[in-house]
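Just below is one structure, and these are the notes that go with it.
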Amino acid sequence: MKSDTHSSPSLRWDIFCRVIDNYGDLGVCWRLCADLAQRGQTLRLWTDDASALAWMAPQGCAGISVHAWPNEADLQALAKDTTFTVGDVIVEAFGCELPKAFQALMAQGPRPVWVNLEYLSAEDYVARSHGLASPVMSGPARGMNKWFYFPGFTPDTGGLLREPNLLEVPGRAAWLGTLPLDKPISPHERLISLFCYEPKALPDLLEQLSQADEPTRLLVAQGRPSAAVAAATQALRMPKIGTGQLHISLLPYFSQTEFDHLLWACDLNFVRGEDSLVRALWAGQPLVWHIYPQDDLAHHDKLHAFEVALDMPADLQQFHAVWNGLETGRLPTLSPVTLGRWRDWSHRAQQGLFAQTDLTTQLLRFVAQKR
């Protein structure tokens, strides 16, 4: 595992994040902040909605201060505050666009390294675009450079977030025993976590699990996943807790740490978006990704690129196609043999990605080169 926790000088970082419709952007930014803080960096996280941090990171993190997205009055006050200085590094997450008045503050003193942290993708353009400069041609920051930083799955990209203590996970049985569930987990139950949007194939999944040869505990995340399951069980006229071989348990809101533990403990993880996909890859268990749907269907190419980059088995690709609505028909059967084959693939993918340098180590090196 290639990482670097001690060779970088301590810098001050301003990281900007807007919450669009889910909390994945904030989740990625918090993980980045926490990883940087653990490596001796000092961070200000600016966000327009920090409410999810109450359950996502209830203990906070030393070295990180959270601030509301600055409005015009806030920025005018900062401009007059002689104790305020812009960070050494500015991270504009996912094209959130920095306030013009903050850009003016950046231009007044020593020029910070300005990084545009992009969304994760396995498409070919990522390697071509990673690390390129985007000269600012107008506005208060005219003459500065913004640097594109692309996370990715190959060594010629910015890598994936992976903290140095990633493997410090609790024992499976002990951790499962701490879950506040409606019914204790049996040692013979297959455990599946569900974190999704509203897949049309969800009723098919519930029916398949209820009729399987082995008992399954479906552990459902709060929010859109629990609402989707409630709608699916109602449409199937199935009890809310499942039927037959399927028992459905609703989970509480988890911190990021507890969510990671869930992924390591389950036999199959349904994940969505970007942050939970990466965490499921690190867990090394079979996974199914519900990619964020886009109106122009650009997510179809993005999903295919991911499948190719990690050499996904054909039957798992087929499951993804139906789960993500690219194809109609029934979901492939989740037999023990199938899950065993997918587990072998997940382990290979995990080990291959572990061999690459993590995102934070690469980002620290990148910033050092640009200062």
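The values are calculated or read from the model by the stated rules, or taken from the named source; none is laboratory data. From a predicted model like this one, the values you see are computed outputs, not experimental measurements. We place every Cβ from the backbone using ideal geometry, glycine too, and count neighbours over all the protein chains shown. The protein model used for the area step is the full one, side chains on, heavy atoms only, and it has no ligands, DNA or RNA in it. Shrake-Rupley method; radii C 1.70, N 1.55, O 1.52, S 1.80 Å.
Under a Gaussian network description of the chain, with springs only between Cα atoms under 10 Å, the residue in Q234, Q351, Q318 that fluctuates furthest is Q234.
The angle between the Cα long axis of helix 24-38 and the main principal axis of the chain comes to about 60°, on a 0 to 90 degree scale.
In the set (i) 68, 55, 40; (ii) 85, 48, 34; (iii) 67, 40, 38, which value of Cα extents along the principal axes in Å was calculated from the structure you see? The listed entry that was calculated here is (iii). Roughly how many percent of the accessible protein surface of the stretch 1-151 is carbon and sulfur, given a 1.4 Å probe and a whole-percent answer? Roughly 51 percent of what the probe reaches on the stretch 1-151 is carbon or sulfur.
Computed over protein heavy atoms with a 1.4 Å probe, the accessible surface of the chain works out to 45 Å² per residue. Calculate the length of the line joining the C-alpha centroid of the stretch 16-55 to that of the stretch 231-300, in whole Å. So the two Cα centres are separated by 22 Å.
Each residue was assigned an accessible area with a 1.4 Å probe, and for E207 the value is about 70 Å². These residues, Y197, Y292, go from largest to smallest accessible area, 1.4 Å probe, as Y292, Y197. Taking trypsin sites (Lys or Arg not before Pro) across the stretch 154-228, the ones in a DSSP loop with at most 13 further Cβ atoms lying within 10 angstrom of their Cβ are K200.
For T83, T333, T216, give me the order by solvent-accessible area with a 1.4 Å probe, most accessible first, ignoring ligands, DNA and RNA.
From most exposed to least exposed: T83, T333, T216.
The lysine pair count for the chain, using Cα distances under 22 Å and pairs eight or more places apart or on different chains, is 7. Computed about its Cα centre, the charge dipole of the chain is approximately 600 debye, with only Lys, Arg, Asp and Glu carrying charge at their Cβ.
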